[in-house]
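The values are calculated or read from the model by the stated rules, or taken from the named source; none is laboratory data. Bear in mind that the values here come from a model prediction, so they are computed numbers and not experimental data. No Cβ is skipped: glycine too gets one built from the backbone with ideal geometry, and neighbour counts run over all protein chains shown. Each accessible area value is taken on the protein alone, full model and side chains, heavy atoms only, with ligands, DNA and RNA left out. Shrake-Rupley method; radii C 1.70, N 1.55, O 1.52, S 1.80 Å.
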Amino acid sequence: MSEQLLTILKLCLLVLLYLFFLRVLRAVWAELRTPVASAVPANAGVTNRPARKPAGGGGPRGGRRGGTPKGLRVVEPAAQKGRTFPLGDEITVGRAAGCSVTLDDTYVSQIHSRVFIRDGKVFVEDLGSTNGTYLEGVKVQGPMVMKKGDRLKVGSTVMELA
């Protein structure tokens with residue numbers, strides 16, 4: 001009888017160990033999984049941000065001229081200022097090595113946000129980040145249209161669409 005009880009206890013412990021490992025693997029998989037771009041239809045949830053007053057004379061930035069944006073340029077912090085990331089059909093912003101724009105910023109999530117082009121317009125979308133994504137001071141809560149010269153705040157990093 002005691003031999004059978006020990007065997008049952010060993011099997012129970014083995015099952016618990018397997019369940020623990022499966023739980024760990026599931027957590028790792030969820031953290032490493034990247035969002036699939038095709039899961040969001042081209043115009044699903046696309047919102048335009050509220051209109052702002054136009055800047056008089058272009059202001060000190062001078063980047064509000066027409067034309068096709070070429071990329072994202074870091075404006076803040078000063079240590080990263082001037083760093084430029086080319087704009088493709090879709091780029092991801094985050095701390096993970098697999099992101100198109102990798103930022104060394106503790107306030108940036110692993111996969112923080114994405115910038116993509118649809119119908120000739122540039123959009124930004126938050127991907128469930130902890131600290132949020134802000135476009136011209138407005139929190140991004142769905143795909144939002146970006147224009148050349150707009151500032152995008154991701155964590156404590158500020159980038160400008162150039």
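Structure values in brief
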read-out	value
Per residue accessible area of region 94-162, 1.4 Å probe, in Å²	42
Total formal charge among the other residues, if their Cβ is under 11 angstrom from that of Ser100, Lys/Arg +1 and Asp/Glu -1	-1
Largest-first principal axis extents, alpha carbons of region 65-114, Å	34, 27, 13
Under 29 Å from Lys81, Cα to Cα: lysines that are on another chain or at least 8 residues apart	Lys53, Lys70, Lys121, Lys139, Lys147, Lys148, Lys153
Neighbourhood net charge (13 Å Cβ-Cβ; Lys/Arg +1, Asp/Glu -1) for Thr157	+2
For region 83-147, alpha-carbon Rg and Dmax in angstrom	11.3, 34
Neighbourhood charge, 9 Å Cβ-Cβ cut-off, centred on Ser113 and excluding it, Lys, Arg +1 and Asp, Glu -1	-1
